[in-house]
Amino acid sequence: MTRERLCDEVASICVGLVDRELNRRAEAHTAGERVFQRFGFSGARGEAASGFATVRTAALPVYDRLRQDGLGEDLALLQVLLHLLAVNNDTNLLSRGGLAGLGYVRAYARKVLGEGGVLAPGGLKKMTAFDDALISRHLSPGGTGDLLGLTWFPAQFPKGGQGR
């Protein structure tokens, strides 16, 4: 099994999930459903239905490159976290902080990445400051944390190729 096949299988299993569980709901019962109705972001359901498109495009390439360059797994995952925070439509952030909260987190992540992220001198201190800023604003990027775990898991599988 390759990582691409794994993600394709998830997408195949989840065909129609967003339509069944989000588009057809008249009344929202969960935070994810409320975020979908208010902002149009499909969250975990959309990620699964897409075969984890955000992981495949924004996270795995960064993780693979950093690991190939010899960076340890912990630092590589922290750097990937910044990349995910910069692009993910995290429905937990939207639920807690609205578009302003999401925008704040994305901008902060892009700023830290522009300064080299965790790989730069003082990068870990910048991550701690980022964490403190999120805590003080009651912002929790839980969806992005989930995507970080979903980055690590398929990374344990070989990349696809002809034998896909």
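We did not get these values from a lab; they are worked out from the coordinates using the rules stated. All values derive from a computational prediction rather than experimental measurement. Here the Cβ is made from the backbone with ideal geometry for all residues, glycine too, and neighbour counts use every protein chain on show.
A few comments on the model shown:
- Sequentially through segment 111-123, phi angles give Karplus couplings (6.51, -1.76, 1.60; θ = phi - 60°) of 5, 5, 4, x, 9, x, x, 6, 7, 7, x, x, x Hz, Gly and Pro residues having no value and appearing as x.
- Debye intensity ratio in log₁₀ form over the Cα atoms of segment 3-155, taken at each q of 0.10, 0.12 Å⁻¹: -0.37, -0.53
- Dipole-positive endmost among LEU6, GLY16, GLY123 within segment 1-124 (Cβ charges, Cα centre): GLY16
- Remark: segment 59-74, residue by residue, has Karplus-estimated 3J(HN,Hα) of 10, 4, x, 5, 4, 4, 4, 5, 5, 5, 6, x, 6, x, 4, 4 Hz, where x stands for each Gly or Pro and the curve is 6.51 cos²θ - 1.76 cosθ + 1.60 at θ = phi - 60°.
- Remark: segment 137-142, residue by residue, has Karplus-estimated 3J(HN,Hα) of 9, 6, 10, 10, x, x Hz, where x stands for each Gly or Pro and the curve is 6.51 cos²θ - 1.76 cosθ + 1.60 at θ = phi - 60°.
- Between segment 41-94 and segment 127-158, the Cα center-to-center distance that results, in Å: 9
- Average Cα contact separation per residue, the chain, under 8 Å, 6 or more apart, as relative contact order %: 32
- Loop GluC sites (Glu not before Pro), segment 38-122, which have at most 14 other Cβ atoms in a 10 Å radius of their Cβ (DSSP): GLU115
- Relative to the Cα centre, the charge distribution of segment 1-77, modelled as +1 at Lys and Arg Cβ and -1 at Asp and Glu Cβ, gives a dipole magnitude of about 280 debye.
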